[in-house]
Amino acid sequence: MFLKRFNSQKESIVNIAGNAKLDIPRGTEIENQVQMIGLTKEDLRIMNRLQPIVIEKIDDIVSEFYKNLENEPSLLTIIHDKSSIDRLRKTLKKHISEMFDGVIDQTYFEKRIRIAQIHVKIGLKTKWYMCAFQDLLLSLTTIIEEHIEDRVEAFLAVKAVTNAGSV
Ligand code: HEM
């Protein structure tokens, strides 16, 4: 059980090393963004520590994500016109798993720009992207709540996920 695992001192998300890389171009807007939200290497280390519990639940997260989109018919029309649920399930799974690598570097930003451009190209309205993103964040915070009993550690995990999701 992960709950137990993340409650013992030995398996704490804070006290155990995880992989992290925060490599941002100096003197750029990206650096300002990172400073504004207070994203740190520690957040990324925590993200990496959370990766196994997220991967364990990834099928549920992705199913919930697309089930929620069914509430808005215009989104299903876009998906069926431009892609397919099956294809998007695969890309979203990979994307979520990579979010928890704990690495934010040039490649990370290039991927984010490409994803943003794709969504603009398919005509996805910002409000729907934000709703979908919030739904995803809720799934991730629910997993944290279920797996991390210690209040402070759970808070640090939520902070890391929301921070990393903001760049
Ligand atoms: C949290 C919100 C979302 C995330 C993280 C996300 C993530 C992604 C990713 C990683 C890709 C693949 C980009 C690539 O090929 O490099 C993609 C493509 C796409 N997304 Fe999203 N997406 C989100 C919201 C949505 C929503 C709400 C729709 C609803 C219409 C949507 C529809 C699509 C479509 C049609 C593509 C193109 C896929 C293709 O080329 O076959 N996405 N998305």
**Report entry** Structure-based [θ]222 nm, the chain - -39500 (n - 2.57) summed over DSSP H runs of at least 4, per residue, nearest 500
**Finding:** -22500 deg cm²/dmol
Report summary line: Subtracting the Cα-Cα distance of THR91 and GLU70 from 0.36 nm times their residue separation yields 5.7 nm
Query raised in the report: Roughly how many debye, to the nearest 20, is the charge dipole of the chain about its Cα centre, given +1 on each Lys and Arg Cβ, -1 on each Asp and Glu Cβ, and no other charges?
Result: 380
**Report entry** Whole-number D in µm²/s for the chain (Stokes-Einstein; Kirkwood sum over Cα pairs; 37 °C, 0.692 mPa s)
**Finding:** 194
**Report entry** Contact order normalised by residue count of the chain, Cα under 8 Å, 6+ apart, percent
**Finding:** 40
Query - Set LYS41/LYS127; LYS67/LYS159; LYS90/LYS127; LYS21/LYS159 screened for pairs whose C-alpha atoms are more than 28 Å apart - result: LYS41/LYS127
Report task. May I ask for the distance between the Cα centers of the range 13-86 and the range 111-167, given as a whole number of Å? Result -> 5
Report summary line: Filtering GluC sites (Glu not before Pro) in the range 41-121 by DSSP loop and by at most 14 other Cβ atoms within 10 Å leaves GLU70
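Each reported figure results from applying straightforward, stated rules to the coordinates on display, with no laboratory input. Predicted model, so just to flag it, every value in this text is computed and none were measured. Neighbour counts run over all protein chains shown; Cβ positions are idealised from the backbone, glycine included.
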